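Q: Before we start, here is the structure in question, set down as structure tokens.
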Amino acid sequence: MSKSKRPNILFIMSDDHAAHALSCYGSRVNKTPNLDRIANEGIRFDNCFCTNSICEPSRAAILTGTYNHINGVTTIGAHLDNSLPNIAKELKAVGYQTAIFGKWHLGQGLEHWPTGFEEWNILQGQGPYFNPEMVRNGEKIQYEGYSTDIITDLTIEYLKNRDPEKPFFINCHHKAPHRSWEPDEKHKHMYEDETLPLPVTLFDNYENRSNAAREAKMRITTDMTYFDLKLVPPEGESGGAKIPYPDSLDGFSLTPSESGKAVTFGSHEELVEFKYQRYIKDYLRCIASVDDNVGRLLDELEAEGVLDDTVVIYTSDQGFFLGDHGWFDKRFMYEESLRMPFIVRYPKEIKAGSVCEDIMTNVDIPATFADWAGVETADYLQGYSFRPLLSGKAPEGWQESMYYRYWMHLSHHYVSAHYGIRTKDFKLIYYYGEAMGQPNTVDESKQPEWELFDLRNDPHEMKNVYNDPGYRDTVSALKKELHALQAKVGDKPVEEID
Ligand code: CA
């Protein structure tokens with residue numbers, strides 16, 4: 001492809017937006033018309049997975065094109081060494097205008113700020129929903145307003161003022177819909193008079209599963225805080241609660257609407273449902289704003305006359321539990337957290353309404369950017385360009401499994417460190433249960449344990465069949481493939497290999 005015909009790339013990424021909260025992925029709880037437009041006029045990837053379901057590591061994998069044991073960002077707090085090669089540097093070197101706006105979350109200061117971007121204007125750390133102080137090319141600037149709008153405004157301003165003679169690589173990365181799910185004025189009353197459908201595994205009792213699942217502290221029942229619920233969590237598992245609702249708390253911008261309202265619960269289930277509705281509605285309100293703002297970006301590309309010359313991608317750094325298994329948050333290799341929404345619009349290479357079921361991962365994303373941009377020298381990238389999948393046919397030998405590793409042992413939500421392999425039909429997980437000296441972990445050993453899920457018969461992963469004699473051969477074949485994958489990406493097993 002000649003350099004003049006290389007596409008622009010607009011890479012929109014949100015934070016913690018699960019695929020099952022987009023209507024193009026069949027959401028039961030919300031509608032996302034602008035995001036759906038990308039899928040309807042482009043392609044939807046149904047098996048796009050993250051290689052480590054947590055914010056900072058996934059972002060590092062996407063930027064550097066390497067697994068976390070290679071790029072060093074194994075956990076939140078491990079921070080990216082910005083002298084490493086990355087995809088922005090590659091695209092800049094071959095003539096792209098490179099920019100990033102919004103969430104960065106790979107560390108702060110001279111050793112961690114964005115490199116490879118001609119223009120950057122980022123939130124600090126997680127960043128707030130309202131009135132963020134951002135850092136533009138090293139200089140702090142205070143903004144007024146809602147983060148999702150501001151980040152979109154900055155992206156649009158850059159689009160308007162770019163050099164039209166050069167292709168662009170623009171990253172528009174939202175804070176939303178990350179915890180603590182604070183909606184803006186426009187959307188805060190959405191769903192107010194509705195009761196949203198409950199996830200089918202909301203009342204999961206973790207029978208037939210690992211201790212890791214049972215012990216994790218991310219339950220809607222017991223682990224939601226004041227900030228999550230925007231009210232003092234009702235005590236106990238049932239019973240009445242009088243709910244005070246202060247106007248604001250340092251660092252948070254709560255939007256009180258139920259001051260002093262008394263709530264009583266007749267049963268444990270009622271309490272869980274109450275908390276679930278509080279949580280999911282705020283989460284979806286934040287997404288509604290992301291969806292509106294994606295619409296604004298598409299309109300702007302159209303107005304600039306470059307919509308069809310631009311690869312528009314929408315994704316999120318990982319999935320999220322939307323009450324599934326009774327949880328919020330992510331981290332586990334289970335489906336809702338492992339799967340990333342991934343939709344692409346680029347009519348020059350994609351037939352409208354395409355769906356791809358082949359396996360691809362976050363590590364494959366920069367390899368694909370390199371492919372579009374004609375970068376030929378980035379041998380360090382560990383992923384594979386999924387560009388051939390856009391036309392609906394996987395090339396011979398395309399990956400049929402993926403490798404996952406969660407390193408952040410017991411931090412934040414008490415999830416045991418684990419790794420595993422997912423194929424089209426099965427998932428094998430090994431909870432090795434050790435901190436292994438990684439940053440931001442808890443140095444407490446857990447009894448190692450395995451899980452195997454037969455995704456054909458058990459798509460919700462409710463029954464671990466690892467010890468079922470009928471799956472002995474499957475276990476043995478998957479272990480072999482797991483170790484082969486580890487060897488291929490340069491990681492190594494923790495468990496004794498028999
Ligand atoms: Ca995230």
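Q: When we measure straight from the Cα of LYS140, which lysines land under 17 angstrom away, once same-chain ones fewer than 8 places off are left out?
A: Output for LYS140: LYS103.
Q: Modelling each spin label as a point 7 Å along the Cα-to-Cβ direction, I'd like the GLU444/GLU215 distance in nm, to one decimal.
A: A separation of 0.7 nm, rounded to one decimal place.
Q: Right, next: Percent relative contact order of the chain, based on C-alpha pairs within less than 8 angstrom and at least six residues apart?
A: 23
Q: Quick one: Karplus J couplings for the range 319-325, per residue in order, coefficients 6.51, -1.76, 1.60, θ = phi - 60°, nearest Hz, x for Gly and Pro?
A: Going residue by residue, I get x, 6, 8, 9, x, 5, 6 Hz, with x marking Gly and Pro.
Q: For LYS5, give me every one of the lysines with a C-alpha distance below 24 angstrom, ignoring sequence neighbours fewer than eight places off in its own chain.
A: Those lysines meeting the cut-off are LYS89, LYS92, LYS160, LYS166, LYS348, LYS351, LYS393.
Q: Name the trypsin sites (Lys or Arg not before Pro) in the range 1-97 that are in a loop by DSSP and that have at most 16 other C-beta atoms within 10 Å, would you? If you can, show how the numbers build up before the last one.
A: Values: sites: LYS3, LYS5, ARG28, LYS31, ARG37, ARG44, ARG59, LYS89, LYS92; in loops: ARG28, LYS31.
Those satisfying the criteria are ARG28, LYS31.
Q: GluC sites (Glu not before Pro), restricted to the range 97-199: which are DSSP loop and have at most 13 other Cβ atoms within 10 Å?
A: Details: sites: GLU111, GLU118, GLU119, GLU133, GLU139, GLU144, GLU157, GLU165, GLU185, GLU192, GLU194; in loops: GLU111, GLU118, GLU144, GLU165, GLU185, GLU192, GLU194.
Here the GluC sites (Glu not before Pro) that fit, given the DSSP loop and packing criteria, are GLU111, GLU144, GLU165, GLU185, GLU192, GLU194.
Q: Still on this model: Over the chain, give the accessible area per residue in Å² for a 1.4 Å probe, as an integer.
A: Each residue of the chain exposes 39 Å² on average to a 1.4 Å probe.
Q: List the pair-distance distribution P(r) of the range 258-364, using every Cα-Cα distance, as the percent of pairs falling in each 5 Å bin from 0 up to the bin containing the longest distance, rounded to whole percents.
A: With a bin width of 5 Å, the distribution comes to 2, 9, 13, 16, 16, 14, 11, 8, 5, 4, 2, 0.
Q: Of all DSSP beta bridges located in the chain, what percent are antiparallel, nearest 5?
A: Numbers: 37 of 64 bridges.
Taking every DSSP beta bridge within the chain, about 60 percent pair in antiparallel fashion.
Q: With a ≥ b ≥ c taken as the square roots of the eigenvalues of the C-alpha gyration tensor of the chain, please select rounded if a/c is under 1.5 and otherwise prolate if a/b is larger than b/c or oblate if it is not?
A: Note, shape of the chain comes out oblate.
Q: Ratio to report: Rg/Rh of the range 402-489, with Cα atoms as the point set and Rh obtained by the Kirkwood method; give two decimals.
A: 0.99
Q: Mind ranking 268-277, 484-493 by how tightly packed they are, going by the mean number of other C-beta atoms within 10 angstrom, highest first?
A: Ranking the peptides 268-277, 484-493 by packing returns 268-277, 484-493.
Q: If you don't mind, another one. So for the range 303-384, what are the equivalent ellipsoid semi-axes in whole Å, largest first, each being the square root of 5 times an eigenvalue of the Cα gyration tensor?
A: Working through the eigenvalues yields semi-axes of 28, 18, 11 Å.
Q: Taking R0 as 51 Å, what FRET efficiency do you get between ASN467 and ASP163 from their Cβ-Cβ distance, rounded to the nearest 0.05?
A: With R0 = 51 Å, the Cβ-Cβ based efficiency is 0.25.
Q: I'd like the Kirkwood hydrodynamic radius of the range 126-224, using the inverse of the mean 1/r over distinct C-alpha pairs, in Å.
A: 17.8
The values are calculated or read from the model by the stated rules, or taken from the named source; none is laboratory data. Just so it is clear, the model here is predicted, and its values are computed rather than measured. Neighbour counts are summed over all protein chains in view; Cβ atoms, including those assigned to glycine, are modelled from backbone coordinates with ideal geometry. Side chains included, ligands, DNA and RNA excluded: accessible areas come from the protein's heavy atoms. Shrake-Rupley method; radii C 1.70, N 1.55, O 1.52, S 1.80 Å.
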